[in-house]
Amino acid sequence: MEKATGFMKALKCRECGREYPLTANHVCEFDFGPLEVVYDYDRIKIALTREVIQSRPKSMWRYRELLPIAHEPTVGREVGFTPLIKADRLARRFGIRELWIKNDTVNYPTLSFKDRVVSVALSRARELGFTTVACASTGNLANSVAANAAAAGLKAYVFIPSDLEQGKIVNSLVYGATVVAIKGHYDEVNRLCAEIAGKYQWAFVNVNMRPYYAEGSKSMGFEILEQSGWKIPKHTVVPMASGSLLTKIHKSYQEAAKLGLVSEAKYHIHGAQPTGCSPISVAQKAGLDFFKPVKPNTIAKSLAIGTPADGFYALKVMKETNGHADDVSDDLIRQGIKDLAECEGIFCETAGGVTVAVAKKLIASGRIPTNDSAVLCITGNGLKTLDAVVGHVGETREIRPSLREFEGLLEAENRSVNA
Amino acid sequence: MAAKTKAKSNATKGSGSQPRQARFWLMYPPKQITSPVIWELGHKFPVVTNVRQASVTDEIGIVCLELDGKRDDVKAAITWLEKQGIKVEPVEINVIES
Ligand SMILES: Cc1ncc(COP(=O)(O)O)c(C=O)c1O
Ligand SMILES: [Zn+2]
């Protein structure tokens, strides 16, 4: 029985420290604080060395002792280990010594970092005996739950607001998930989803499975460390919606240092938000340790969370690591997408545009010194948010089927380059 | 089909007149911080209120409130709170993610 929890010890309240058994539960009965998985680091230290990690297949599961499952993963075994790319051309454009792109635009199978959290949540859900999984989502999460559940033979319910774009719905429907479109204001829809999650004995990935789910984001951090030659990068720029990913990148660096996988070093975690939904960045810039809820209005839909559940903890991480937050307009987001595409050949979604544009801003303001090195977490693929950039990325040159016209066009182009 | 009928039978079980306990975070704007909103709520609606946590500054008031009552009464109480300019979030906060 003792082995049945793997390297996990308990769920623990982040507010009062009370411990709970490792079930599908996410909130402390006493103060409603969020629950978090605690591990047996003494045992992990013996089991998990650099050599062990490097001997395993290239997926996020090579760090499995630090992920909240009791047995081998059964869902999403191929997720993760996306490329970390040295972005010299982008670095030159932004005037900094060294930039690295952690490229989750090519994460498997649904092209966003959400496959990391979902594969953990579903693997754990299986261990706990669930056969039905669910989520409420406007995009990446829904796609990932639908796809991973299909591959694992789990029944999936996906709840969405009824005004969602067709393209995003197709990306969940195609996998055979039951997609429920709820009419109403965002807050009403949100409360109904909470009620449904409380009422049905399903694995609701970001509700009752949240403590396990959220831990999946750490894998992005572990991969960054390993791919940086087992070093903690001086600066990491992370997009923030709920703020969870940012806190988990920090946690991954801390755990790796504690286990001796990397040596302790000073580092800064910076947070990026769109100006149209920037509760965390506004609070950070004002030096506050709490945020005020906002109504989102931004093209970066994947970061449009007006009341971020982990906002408070994200602010704490930035304070502790001397990091900064900043936010950028829709136009700068599109420019960020173009900068990354033109310099590195990577087409990211709007959240990536936010991260790139905020990094540029932090470099220009000296928050990230130009003689340093920074890693940018690019979390989703540009094919998912085509609507946001259509009409903003240039135009085609049209000609008739005539060589003369084509050569005329080339000449005009050469003239404008030389001018 | 089986799942559909099951969901339906469960849904009738929990509709309007059934008791329900729900937990919410209330976020007060500055102008409401000094008013006795929860006292008023308890007098206007047949719901039991239970404050489980609170943090109040000049800028924002955050209260974690348990509401016990019939589902329809709880819903009406939430609508009234929202009319007072208070943001009402389930304890999970953002259940809808991107
Ligand atoms: C593409 C993308 N990037 C970043 C995030 C931010 O995640 P978090 O809620 O952990 O801050 C999300 C979340 O929904 C996302 O879809
Ligand atoms: Zn607690």
Exactly one condition in (1) closer than 23 Å to A:Thr350 by Cβ; (2) charged (D, E, K, R); (3) surrounded by fewer than 21 Cβ atoms within 10 Å (Cβ to Cβ) is not met by A:Lys248; state its number.
(3)
Options A:Asp387, A:Asp372, A:Asp339; residue that is in contact with a Leu (Cβ under 8 Å, 6 or more places away or on another chain) and of a type in the set (D, E, K, R)
A:Asp339
Yes/no for A:Pro68 being within 25 Å of A:Leu259 (Cα to Cα), within 16 Å of ligand 2 (Cβ to nearest atom) and away from every other protein chain (no Cβ under 14 Å):
no
Check the stretch A:344-355 and report whether any residue there is away from ligand 1 (no atom under 15 Å from the Cβ) and either buried (at least 19 other Cβ atoms within 10 Å of the Cβ) or free of Cβ contacts under 8 Å to residues at least 12 places away in the same chain (or both).
yes
Checked A:Asn371, A:Asn381 against criteria (over 24 Å from A:Asp115 (Cβ atoms), of a type outside the set (D, E, K, R), surrounded by fewer than 24 Cβ atoms within 10 Å (Cβ to Cβ) and in the same structural domain as A:Gln227 (by TED's automatic domain parsing)); the one match is A:Asn371
Which one is nearest to the chain's Cα centre (by Cα) among residues in the stretch A:125-168 that are more than 16 Å from ligand 1 (Cβ to nearest atom) and among the β-branched types (Val, Ile, Thr)?
A:Val133
Which of (1) in contact (Cβ under 8 Å) with a residue 12 or more places away in the chain; (2) over 18 Å from A:Ala351 (Cβ atoms) is the odd one out, the single condition A:Asn103 does not satisfy?
(2)
What's the total number of residues in the stretch B:31-52 that are within 14 Å of chain A (Cβ to nearest Cβ) and not in a strand (DSSP E or B)?
3
Mind listing whichever residues of the stretch A:297-312 are closer than 22 Å to A:Arg334 by Cα, at the interface with another protein chain (Cβ under 10 Å from one of its Cβ atoms) and not β-branched (Val, Ile, Thr)?
A:Ala300, A:Lys301, A:Ser302, A:Leu303, A:Ala304, A:Gly306
List every residue pair whose Cβ atoms lie under 7 Å apart, where the two residues are 6 or more positions apart in sequence or sit on different chains, the first residue falls within the stretch B:76-98 and is over 21 Å from A:Ser244 (Cα atoms), and the second residue, located anywhere, is within 16 Å of ligand 1 (Cβ to nearest atom).
B:Lys87/A:Pro293
Could you list, in sequence order, all residues of the stretch A:6-36 that are within 16 Å of ligand 1 (Cβ to nearest atom) and assigned to a strand (DSSP E or B)?
A:Pro34, A:Glu36
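The values are calculated or read from the model by the stated rules, or taken from the named source; none is laboratory data. Fair warning: this is a prediction, and the values are worked out from it, not measured in the lab. Here the Cβ is made from the backbone with ideal geometry for all residues, glycine too, and neighbour counts use every protein chain on show.
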